[in-house]
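Questions regarding the structure given below will be posed in turn.
The values are calculated or read from the model by the stated rules, or taken from the named source; none is laboratory data. On a predicted model such as this, the values are computed, not experimentally measured, just so you know. When we count neighbours, we look across all protein chains shown, and the Cβ atoms used for this are built from the backbone with ideal geometry, even at glycine. For accessibility, only protein heavy atoms count, side chains too; no ligands or nucleic acids. Shrake-Rupley method; radii C 1.70, N 1.55, O 1.52, S 1.80 Å.
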Amino acid sequence: MSGKAFVPNAIDEHIGQRMQLRRVMMGLSQKDLAKICGVTFQQIQKYESAGNRIAASRLFELSAALETPVSFFFSGLPGFIEREPRNGRPPKSCVSDQTAFDPLAKNESLQLINLYWKLPTDSQREIIMKMLKTLNGQE
């Protein structure tokens, strides 16, 4: 290593958030996921908080453990924007932060999704969907 401290970028943060989203959607704790992957739960915490960058091979293992394609972690990345130049170097592209506008980044949304899919029958899910559409003036 070059001795420079790791500074997470917006992509690292996005991947960590997507990892946490999928873990929570599956009802797994950080400890559960760590056990499946053969790492410590602290390592899972660091991945989710972007404290550590996830290597490609580890991301592949995580995708298998979380039963989702690797592309899931990159889904929803917003468009590229130009950063201001630093130290006379030309500007580089980076990902803009739009998580504040992403309803799936909120715990309440995750709870709603989990509760919806825990309903035992399709007819119960249909009733909930009709109720939500009615409350939103769509029916």
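Leaving ligands, DNA and RNA out of it, work out the accessible area of Val70 with a 1.4 Å probe and give it in Å² to the nearest 10.
Rounded to the nearest 10, that gives 50 Å².
Separate question: In nm, to one decimal, how far is the modelled label at Ser109 from the one at Ile127, with both set 7 Å along Cα→Cβ?
About 2.7 nm, to one decimal.
Could you pull the accessible area for Lys130 with a 1.4 Å probe, rounded to 10 Å²?
Only protein atoms counted, so the area is about 100 Å².
Next up: Taking amide hydrogens as modeled 1.01 Å from N in the peptide plane, which residues meet the under 5 Å criterion relative to Leu66, leaving out close sequence neighbours?
For Leu66, whose amide H was placed from the backbone, there are no distant partners under 5 Å.
Still on this structure, I have one more. Can you run the Rg to Rh ratio on the stretch 1-72? Use alpha carbon positions and the Kirkwood inverse-distance Rh. Kindly include the intermediate steps, with their values, before the conclusion.
Details: Rg = 11.8 Å, Rh = 12.3 Å.
Radius of gyration relative to Kirkwood radius: 0.96.
What list of ³J(HN,Hα) values in whole Hz, one per residue of the stretch 123-139 in order, does the Karplus curve 6.51 cos²θ - 1.76 cosθ + 1.60 (θ = phi - 60°) give from phi, with Gly and Pro shown as x?
Each residue of the stretch 123-139 in turn: 5, 5, 5, 5, 4, 4, 5, 4, 4, 5, 5, 4, 5, 9, x, 9, 9 Hz.
So what does Glu48 come to for accessible area, using a 1.4 Å probe and Å² rounded to 10?
Surface open to solvent at Glu48 totals about 20 Å².
A further question follows. Work out from phi, with θ = phi - 60° and the Karplus expression 6.51 cos²θ - 1.76 cosθ + 1.60, the ³J(HN,Hα) of each residue of the stretch 17-24, listed in order in whole Hz, and give x for Gly and Pro.
5, 5, 4, 5, 4, 5, 4, 5
What are the ³J(HN,Hα) values, in whole Hz, obtained from phi via the Karplus relation 6.51 cos²θ - 1.76 cosθ + 1.60 with θ = phi - 60°, for each residue of the stretch 59-67 in sequence order, with x given for Gly and Pro?
4, 4, 4, 5, 5, 5, 5, 8, 6
If you don't mind, another one. Using a Förster distance of 41 Å, how high is the FRET efficiency between Tyr116 and Val7, based on the Cβ-Cβ distance and rounded to 0.05? Mind showing how you got there, number by number?
Numbers: r = 38 Å, r/R0 = 0.92.
It comes out at approximately 0.60.
Taking the Cα-to-Cβ direction at Ala56 and at Met26 and moving 7 Å from each Cα, how far apart do the two end points lie in nm?
So the label points at Ala56 and Met26 sit 2.2 nm apart.
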